[in-house]
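Step one of this worksheet: look at the structure below.
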Number of protein chains: 2
Amino acid sequence: MRSKLLLLILAVSTAAMFVWNLQLQAQSSGADRLRKLEAEFERATAERGLDGFMSYFNDDSADLPSGANIVFGRDNIRKELEPWGADVSLTWKPVKAEMAASGDLGYTFGNFVFKAKDKDGKLVSHYGKYATVWKKQPDGSWKVAFDMGNSSPAPR
Amino acid sequence: MRSKLLLLILAVSTAAMFVWNLQLQAQSSGADRLRKLEAEFERATAERGLDGFMSYFNDDSADLPSGANIVFGRDNIRKELEPWGADVSLTWKPVKAEMAASGDLGYTFGNFVFKAKDKDGKLVSHYGKYATVWKKQPDGSWKVAFDMGNSSPAPR
């Protein structure tokens, strides 16, 4: 009876340490995962414009656009971002990325450059900062929980 | 031997389910925890002004202020927010709160009202949105991982 109890304690400890270790692994590799995700997000946007950008949003996503109210859901966010002309370029660079120990929620923030033609056809660069919280979905894919931006001074 | 193996499997499964269940509990109560934290943060700010506000930041915190570059660390963020006059009032209301399954990282976003006197001594209200990512510290307290804001239209 006593050996069974010891075995049980050992098994419970081993299982708990196993789960704990998985969490630590998730945390240390989590920031890399988020940076890779951001690079994929940026590539999809460069290759497919607004369609590529929107492929990382779902019905639970929110956008917090500067000068406007909070927008909820993929369809509404898409409407807010239209028209997204063929001349538009949106590039960004994360400055920090951090993942929860559970590996299901993480954030990145950094700087972006948005280039678009003004009404006179002149290409204008807008500089800003962004923050994105990423949420792992039941199917294993990652979507934007929320995205926010504001303006920055032009780099000197 | 076979019964020991069964016992071991049962013990490992039970322990894994126990840890998993703890995580689910953390997630469902996590949003409430974050909303409570935001209420404490707001109360500290109302009662102690900039000192109260800054008590939720540490050296790892970042601020992403509209129109300026990313600011890292409590001391630099404080400098950015000074002067914070006695007439300043900052109130906010979270619209959404979500916690990672591990209960160590969560976010809130919502709307704020910042009131301060202009140079003519007239009290002016500025409306905006904010997002905060919260990170649990080794001592169990919660600090701001990053805080970001941008402007919103005045409510009608």
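Values in this text are rule-based calculations from the coordinates and carry no lab data. Predicted, not measured: the structure shown is a model, and the values here were computed from it. Using ideal geometry, Cβ is built from the backbone for each residue, glycine included, and neighbour counts are taken over all protein chains shown.
Laid out as a table, the results:
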item	result
Kirkwood Rh, angstrom, the stretch B:106-156 [1 / mean 1/r, Cα pairs]	12.9
Across the identical copies, how the B:V88 labels are spaced - nm, sorted shortest first, 7 Å along Cα→Cβ	3.5
Chain B: angle of helix B:2-54 to the longest principal axis, Cα-based, in degrees nearest 10	10
Sum of side-chain charges, A:A31 neighbourhood, beta-carbon under 12 Å (Lys, Arg +1; Asp, Glu -1)	+1
Computed Rg/Rh of the stretch B:2-151, alpha carbon atoms with Kirkwood Rh	1.17
Label geometry 7 Å along the beta-carbon vector: B:D120 inter-copy distances in nm	3.3
Low-density loop cleavage sites - trypsin sites (Lys or Arg not before Pro) in the stretch A:59-147, where at most 12 other Cβ are within 10 Å (DSSP)	A:K119, A:K122
Calculated FRET efficiency for the pair B:I9/A:A16, C-beta based, R₀ 25 Å, to 0.05	0.95
Cross-link pairs beyond the 20 Å C-alpha cut-off, checked among B:K96/B:K117; A:K143/B:K136; A:K36/A:K143	B:K96/B:K117; A:K143/B:K136
Candidate aspartates and glutamates - alpha carbon under 19 Å from A:K79, same-chain residues fewer than 8 apart omitted	A:D51, A:D59, A:D60, A:D63, A:D87, A:D147
Summed residue charge, Cβ within 11 Å of B:V124's Cβ, Lys/Arg positive, Asp/Glu negative	+1
Debye equation applied to the C-alpha atoms of the protein assembly as shown, log10 I(q)/I(0) at 0.11, 0.13, 0.14 Å⁻¹	-0.75, -0.99, -1.11
